[in-house]
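The values are calculated or read from the model by the stated rules, or taken from the named source; none is laboratory data. Everything quoted here is computed from the prediction, not taken from an experiment. Note that we place each Cβ from the backbone using ideal geometry, even for glycine, and neighbour counts take in every protein chain shown. Heads up: the accessible areas ignore ligands, DNA and RNA and are worked out on the full protein's heavy atoms, side chains in. Shrake-Rupley method; radii C 1.70, N 1.55, O 1.52, S 1.80 Å.
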Amino acid sequence: MATPVTTAVIDDQDVVLSGVDTWIAADPEQRVRIIHRATSLDGLEKGPAAAADVLVVDLRIAGELVFDRIAELTAAGHRIVVFSQHAEPDFIHRAEMAGARAYVTKETREGRLHLIEAILAVAAGDTYTTPSQAGAMLAATGTGRPSFSGQELRTMRLWLAGLTRAGVARQMGISEHTVKQYLDRAREKYAKAGREARTRLDLYREARRDGIVDGP
């Protein structure tokens, strides 16, 4: 049998920790092993949790949303699956932006069917899209998707493909100032749709979500 993926589960509700234990123990192939359980995010850089392949983290701990902590843990090299009662598209999107590679809701059916698969995918370096995430993406590409001009779309595609603004200007036959204007307009349109795209990475993620650019 292959070595099981190790995980640490952080949730401030004992009933949730017990439920995750039950689902993982019921896996006939025993593909995942819990090596740490905790009710707070403190001390994860020490002890068993530091060596876990994947962290399963609740989005709200002790009454506080933990998007910033998720971003910190991701920056430190941890792979994270969010396991939350929140199913709102905005929460899912913010967790993805913070670095979570999968988002599983605590709705019983989604958790039971998808949590283990999400852990395995994330441990392998992949992302995993649950029904909740798929719904959030559909919401984002519906009324939440801005309308761009042809020139704005072409500018974004070239710039997000790796060209400098000067390189985009040369290829499009326009000034570098105009390139900046197109990119600024794109960011403004995303902001008006409630989707911040301040940095190049943010803009890439939003454009990829909308099918404007292809993923790696």
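Restricting to segment 147-183, give me the number of residues that are open to solvent by 50 Å² or more (accessible area, probe 1.4 Å) and in a helix (DSSP H, G or I).
The qualifying residues number 11.
How many of the residues in segment 66-85 are in contact with a Leu (Cβ under 6 Å, 6 or more places away or on another chain) and of a type outside the set (Lys, Arg)?
Of the residues in segment 66-85, 4 are in contact with a Leu (Cβ under 6 Å, 6 or more places away or on another chain) and of a type outside the set (Lys, Arg).
Please work out which residue is farthest from SER40 (Cα to Cα), limiting yourself to segment 60-76 and to residues that are open to solvent by less than 50 Å² (accessible area, probe 1.4 Å) and of a type in the set (A, V, I, L, M, F, W, C).
By that ranking, first place goes to ALA71.
Taking segment 25-59, which residues are of a type in the set (Gly, Ala, Ser), assigned to a helix (DSSP H, G or I) and open to solvent by 30 Å² or more (accessible area, probe 1.4 Å)?
Once the filter is applied, which keeps residues that are of a type in the set (Gly, Ala, Ser), assigned to a helix (DSSP H, G or I) and open to solvent by 30 Å² or more (accessible area, probe 1.4 Å), segment 25-59 yields ALA25, ALA50, ALA51.
Please identify the pairs in which a residue from segment 62-76 that is closer than 18 Å to GLN13 by Cα has its Cβ atom under 8 Å from the Cβ atom of a residue that is in a loop (DSSP other than H, G, I, E, B), counting only partners at least 6 apart or on another chain.
ALA62/ASP12; ALA62/SER40; LEU65/LEU59; VAL66/LEU41; VAL66/ASP58; VAL66/LEU59
Return the pairs, sorted by first residue and then second, in which the second residue is of a type in the set (Val, Ile, Thr) and open to solvent by 20 Å² or more (accessible area, probe 1.4 Å), the first residue lies in segment 1-21 and is part of a helix (DSSP H, G or I), the beta carbons are less than 9 Å apart, and the residues are 6+ apart or on different chains.
ASP14/THR39; LEU17/ILE34; LEU17/THR39; GLY19/THR108; VAL20/ILE34; ASP21/ILE34
Tell me, which residue of segment 124-148 that is of a type in the set (Gly, Ala, Ser) and at pLDDT 80 or above is nearest to ASP210 (Cα to Cα)?
Looking at residues that are of a type in the set (Gly, Ala, Ser) and at pLDDT 80 or above, I get GLY125.
Can you tell which of ARG60, ARG79, ARG69 is modelled with pLDDT of 90 or more, basic (Lys, Arg), over 30 Å from GLN181 (Cα atoms) and within 13 Å of the chain's Cα centre (by Cα)?
Result of the check over ARG60, ARG79, ARG69: ARG79.
If you go through segment 109-128 one residue at a time, do you hit one that is out of contact with any helix residue (DSSP H, G or I) (no Cβ under 8 Å at 6 or more places or on another chain), among the small types (Gly, Ala, Ser), more than 25 Å from ASP202 (Cβ to Cβ) and not in a loop (DSSP other than H, G, I, E, B)?
yes
Are any residues in segment 85-104 more than 8 Å from the chain's Cα centre (by Cα) and open to solvent by 10 Å² or more (accessible area, probe 1.4 Å), and if so, which ones?
GLN85, HIS86, ALA87, GLU88, PRO89, ASP90, PHE91
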